[in-house]
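Q: Quick one: structure below, then a few questions.
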Amino acid sequence: MSHELKTGGDRGYIRIATEEAFGTREIIDTYLKMIADGTADKGMVSLWGFYATSPSERAVQIMERLIDLDDMRIKNMDAAGVDKAILALTAPGVQPIKDVELAKRLAYEANDTLAAAVDRHPDRYVGLAAVAPQDPQWSADELRRCAGLGFKGVQINSHTQGEYLDNPKFAPILEALVELDWPLYIHPSPPPDEMMGSMVDAGLDGAVFGFGVETGFHLLRLMTAGVFDRYPSLQVIVGHMGEALPYWMYRLNYMHQAGVRSGRYESIKPLKHDIPYYMQNNVYVTSSGMAWAPAIKFAQQVLGEDRVMYAMDYPYQYVPDEVRTHDNLDVSDLTKKKLMQLNAEKIFKI
Ligand code: 1DF
Ligand code: MN
């Protein structure tokens, strides 16, 4: 049965979509310059070489929808019954840009662009800040500036030029998040060249698979490196139903503990808690790109129903019928309201 999709809470909840992207023309032009001058990595060439130049219907439509923060976006949200969008600068943000001053300027301006859009549509949009982790201290200061602009968290597009957030150099960013009590959304980026291997040749580097492998690796290494022992209140959100980690949780835990006991790796040390503990106390997952009842219910079962949130991934996966998949889940009314509304209101303090 297909029901009408309306905003306003006619089904007992409003819908808050938690992984929604926008872009700026200047940042996309910067990607194109990097591709042209040979400084882009393989993932950038594959991703933005496609979206920013392809005449295909998918690429043209996504480009148009990314840049727009007004009428088209609101109309599409209305048509899908999405009440609020948690918006963030599209991947990989400014993180691959090697000129750090340029990266900081572009992140700063993207934050101002988003803040202005939230001001124009305060009941429809919530902003997540962009940072340039290439300069961790600047990024920490920018988070504090963005708190003043009304933002509710940060999105970091996974690795920054092959470096991960467990690296102690990024501590100022994590410390600012703890101080602000803000969640960190770790959104996929194309894998760095050293991970890419033959993924591009196989056509599997992007959202189809490579994104999830790299982002799941990022979240897992935050746990095993002890980041949540150092920052026990830190909350990390990942999309795509947890980038496969919930499904792997038993094996991750078994083999991690075996690795700790055997002393096989310098980097694998005893932790205060086990992997399921961090998954259930420091991680939220969203259903971006994964409008699939068995996966949603599985994540609710292993992480708890307070840690699973709805996301659409506009404009990359604008499929209004996927909203109905969520509406039609055979879970209790309260569990569904947590998925669509309450968990997002809580973690983003909306
Ligand atoms: C794609 C997918 C691109 C997602 C994205 O940002 C993105 C894609 C550049 O399909 O190429 O956010 N996604 O999250 O699934
Ligand atoms: Mn996305």
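Q: For the range 39-129, max minus min Cα coordinate along each principal axis, in Å, sorted largest first?
A: Extents along the principal axes, in whole Å: 40, 33, 14.
Q: Please work out how much length the chain gains when fully extended from Gln257 to Lys33, using 0.36 nm per residue of separation minus the C-alpha to C-alpha distance, in nm with one decimal.
A: Full extension from Gln257 to Lys33 adds 76.1 nm.
Q: Measure out, as a whole number of angstrom, how far apart the alpha-carbon centroids of the range 240-312 and the range 31-46 sit.
A: What the calculation gives is 33 Å, centre to centre.
Q: How do Leu234, Leu114 line up, fewest other C-beta atoms within 10 Å first?
A: Working: Leu234 20, Leu114 25.
Placing the least packed residue first, the sequence is Leu234, Leu114.
Q: In a shell of Cβ-Cβ distance under 14 Å around Pro133, excluding Pro133 itself, what net charge do Lys and Arg (+1) and Asp and Glu (-1) give?
A: So the surrounding residues net to -3.
Q: Now a separate question. Measure out, as a whole number of angstrom, how far apart the alpha-carbon centroids of the range 316-350 and the range 93-132 sit.
A: With the range 316-350 and the range 93-132 each reduced to a Cα centre, they are spaced 26 Å.
Q: Right, next: Under a Cβ-only charge scheme (Lys and Arg +1, Asp and Glu -1), can you give me the dipole magnitude of the range 211-281 about the Cα centre, in debye to the nearest 20?
A: 240
Q: If we count other beta carbons within 10 Å of each Cβ, what is the order of Ser288, Ser233, fewest first? Let's see the in-between values first.
A: On the way: Ser288 26, Ser233 10.
Arranged by neighbour count, lowest to highest, Ser288, Ser233 become Ser233, Ser288.
Q: Could I ask something else about it? How much length is gained if the chain between Asp321 and Arg264 is pulled fully straight, taking 0.36 nm per residue apart and subtracting their Cα-Cα distance, in nm to one decimal? Numbers along the way, then the final one.
A: On the way: separation 57, 0.36 × 57 = 20.52 nm, distance 4.82 nm.
Full extension of this stretch gives 15.7 nm more.
Q: Using 1/(1 + (r/R0)^6) with R0 = 45 angstrom and r between the beta carbons of Gln61 and Tyr277, what's the FRET efficiency to the nearest 0.05?
A: Step by step, r from the Cβ atoms, then E = 0.60.
Q: Please list 3J(HN,Hα) in residue order for the range 93-106, calculated via the Karplus relation 6.51 cos²θ - 1.76 cosθ + 1.60 where θ = phi - 60°; whole Hz, with x for glycine and proline.
A: x, 9, 5, x, 7, 7, 7, 5, 5, 5, 4, 5, 4, 5
Q: In addition: What is the chain by shape, rounded, prolate or oblate, if you read a ≥ b ≥ c off the alpha carbon gyration tensor as root eigenvalues and call it rounded for a/c under 1.5, prolate for a/b larger than b/c, and oblate otherwise?
A: Judged from the Cα gyration tensor, the chain comes out rounded (a/c under 1.5).
Q: Translational D (Stokes-Einstein, µm²/s) of the range 274-350 at 4 °C and 1.567 mPa s when Rh comes from the Kirkwood sum over C-alpha pairs?
A: 102
Q: Let me ask you something else. Which order results if Thr215, Thr286, Thr113 are arranged by neighbouring Cβ count within 10 Å, fewest first?
A: By the 10 Å Cβ count, ascending, the order reads Thr113, Thr215, Thr286.
Q: Net charge within 11 Å of Gln161 by Cβ-Cβ distance, Lys/Arg positive one each and Asp/Glu negative one each, not counting Gln161 itself?
A: -3
Q: Hey, what number do you get for the chain at 222 nm if only DSSP H runs of n ≥ 4 count, each worth -39500 (n - 2.57), divided across all residues, to the nearest 500? Let's see the in-between values first.
A: Details: 18 runs with 174 residues, N = 350.
That comes out to -14500 deg cm²/dmol.
Q: Any chance you could run the full-extension gain for Gln161 through Asp123? It's 0.36 nm times the residue separation minus the Cα-Cα distance, nm to one decimal. Intermediate values should be presented prior to the final figure.
A: Numbers: separation 38, 0.36 × 38 = 13.68 nm, distance 3.57 nm.
That pair, Gln161 and Asp123, stretches by 10.1 nm at full extension.
Q: What nm distance separates the two modelled labels at Asp141 and Lys349, each placed 7 Å from Cα along Cα→Cβ?
A: If labels sit at Asp141 and Lys349, their model points lie 2.3 nm apart.
Bear in mind that the values in this text are calculations on the coordinates, not laboratory data. Quick caveat, the model's predicted, so the values are computed rather than measured. Using ideal geometry, Cβ is built from the backbone for each residue, glycine included, and neighbour counts are taken over all protein chains shown.
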